[in-house]
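**Student:** Once you've had a glance at the structure underneath, I'll fire off some questions.
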Amino acid sequence: MESYILISYLNDFIFCPRSIYFHNIYGNYSKKNYHNEAQTKGRIAHKVIEENKFSTKKNIITNMEVYSERYNIFGKIDIYDSDNKILIERKRKIIKIYDGYRYQMYAQYYCMTEMGFDIQKLVFHSLSDNKRYHIHIPSKKEKQEFENVIEEIKSYNLRNEFKANKEKCKQCIYNGLCDYNLSIETCLV
Ligand code: SF4
């Protein structure tokens, strides 16, 4: 297992801590093998950025690797606009700002500021409906929340007591692989 925490773990971990196990195992495996349709569309949305097709303007940085020594986290940002000091995370469709999204954004923010970038605004961009959602720079309380999640990930043990959530299992990209999957209806006839 890597010694650092991938920023993308944060959202997965908040969604379901067991998904980290699959994230580790299948992280380097072709995503076509387990991603469902919605996830694949999301991946294509990100591909535009990953191939740096988004912008050629000098003030726009896309798809940059970021790292925080303090938290030992590593990942990539989508877009940083240095003129306006905005960090932007694009997702295919945002219905609400889940805690996992926030922590992912905080992780990017802490990496970037540790690397010396000035960030004044944090924005999520929902591509399918072209909506933007602003969240504020983490307060002291939110920073503590974030640090608690990092500690939880570091100390998480798969043998910990665990209760699956059926609704989450239905949405889970790993449900075809997971023994705890509750989304499959059992036929008793
Ligand atoms: S299938 Fe359910 S229990 Fe298994 S990782 Fe996904 S959400 Fe968690």
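**Student:** Multiply the residue separation of Lys143 and Lys85 by 0.36 nm, subtract the distance between their alpha-carbon atoms, and state the gained length in nm to one decimal. Walk me through the intermediate numbers first.
**Tutor:** On the way: separation 58, 0.36 × 58 = 20.88 nm, distance 1.99 nm.
Result for the pair: 18.9 nm of gain on full extension.
**Student:** Still on this structure: Net charge near Lys121: determine it from the other residues with C-beta under 15 Å of the C-beta of Lys121, scoring Lys and Arg +1 and Asp and Glu -1.
**Tutor:** Taking every Cβ under 15 Å from that of Lys121, the sum is -1.
**Student:** Okay, moving on. Expressed as a rounded percentage, what relative contact order does the range 91-142 have, with Cα pairs under 8 Å and six or more residues apart?
**Tutor:** RCO, the range 91-142: 38 percent.
Bear in mind that the values in this text are calculations on the coordinates, not laboratory data. Being a predicted model, the structure only gives us computed values, none of them experimental. Don't worry about glycine lacking a Cβ; one is built from the backbone with ideal geometry, like all the others, and counts go over all protein chains shown.
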